[in-house]
Amino acid sequence: THEAALCAIKLHPMWQEPLAVPGGDRQSPVDIVVRESIFDPQLRPLKVQYDPRTCQQIWNNGYSFLVEYDDTTDKSTLKGGPLEDQFRLCQFHFHWGENNTWGSEHSIDRRLYPAELHLVHWNSDKYSLFEESVIEENGLAVIAVFLKVGKRHEGLQKLVDALPAVRHKDSVVEFTKFDPACLLPENINDYWTYAGSLTTPPLTEAVTWIVMKQHIEVSHDQLAVFRSLLFTSAEEQLQRSMVNNFRVQQALKGRTVRSSFT
Ligand SMILES: C[C@H](CNC(=O)c1ccc(S(N)(=O)=O)cc1)Cn1ccc2ccccc21
Ligand SMILES: [Zn+2]
């Protein structure tokens, strides 16, 4: 499936990788080799506090659809785990494939999932804007959660029902009172963490990644609605389905992946 996924990527004009990111020695995503990850007993439990009232809108940005949160105050925050500072939730989005065989960005011992959720937070102890933190090495913290196809995810359905309103690139729809905590697995204390980057341009090496061990389940039909979105704007002649919007895996280059569990 890896080869098939790679060939799906090669065919994709959008994902022509820049040949090299200047000084790119902590790029994401990566394959997490479980037996090479190091248990770190000093990793603390994650403290997630999200306020559904900070949820504002859904935006199709031509890469994925972003559910955007008001990050002008410390209402929806992440701290603990590997993090020294407090981080503010600014948006979450997903990456998925054209079928259920691949779609995730990270893999576990080469195992790919059909999709991956990213909850994006920026360091509000050190910076005053997301834009500032994007270029700083301790600027961002992203929680990654794998999606598996199975039973319908009741909490996700409200989001799925809103997606047809943002079918085309650059479309936005109001979306409020959504608690992203409903998308987290029951156990958020088992995770891997490593120093990495954004997985789309500008690929800046600003991200502390926190990859959940436990996946969540969504139904085949819910994932099919993700695939009904388009990369292209309403005006464009040729419409292209928003699928395979994941980056290929990058070399670990000597980085250590730590685990919060044995
Ligand atoms: C980064 C920003 C656009 N990208 C993202 O916000 C982003 C967030 C998360 C991921 S992922 N898949 O790794 O979780 C990828 C991209 C635009 N932007 C804002 C300031 C800014 C400055 C220079 C260039 C672009 C800039
Ligand atoms: Zn992402």
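The values are calculated or read from the model by the stated rules, or taken from the named source; none is laboratory data. All of these numbers come straight from a predicted model, not from anything done at the bench. All Cβ positions, glycine included, derive from the backbone under ideal geometry; neighbour counts span all protein chains shown. For accessibility, only protein heavy atoms count, side chains too; no ligands or nucleic acids. Shrake-Rupley method; radii C 1.70, N 1.55, O 1.52, S 1.80 Å.
Quick rundown of the values:
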| quantity | calculated |
| --- | --- |
| Rounded if a/c under 1.5, otherwise prolate or oblate - region 216-262, Cα gyration tensor axes | oblate |
| Heavy-atom accessible surface of the chain: percent carbon and sulfur, 1.4 Å | 52 percent |
| The chain - convex hull of the alpha-carbon atoms, volume per residue in Å³ | 125 Å³ |
| Shape of region 154-233, Cα gyration tensor, a/c cut at 1.5 | oblate |
| Accessible area expressed per residue, region 25-162, with surrounding protein chains retained (probe 1.4 Å, Å²) | 42 Å² |
| Region 18-81 - Kirkwood radius from inverse mean 1/r over Cα pairs (Å) | 16.0 Å |
| Candidates per GluC sites (Glu not before Pro) in region 148-251, loop by DSSP, up to 11 other Cβ within 10 Å | E186, E235 |
| Accessible area of region 191-257 divided out per residue, in Å², using a probe of 1.4 angstrom | 39 Å² |
| Size-normalised alpha-carbon gyration radius of region 51-197, reference 2.2 N^0.38 Å | 1.04 |
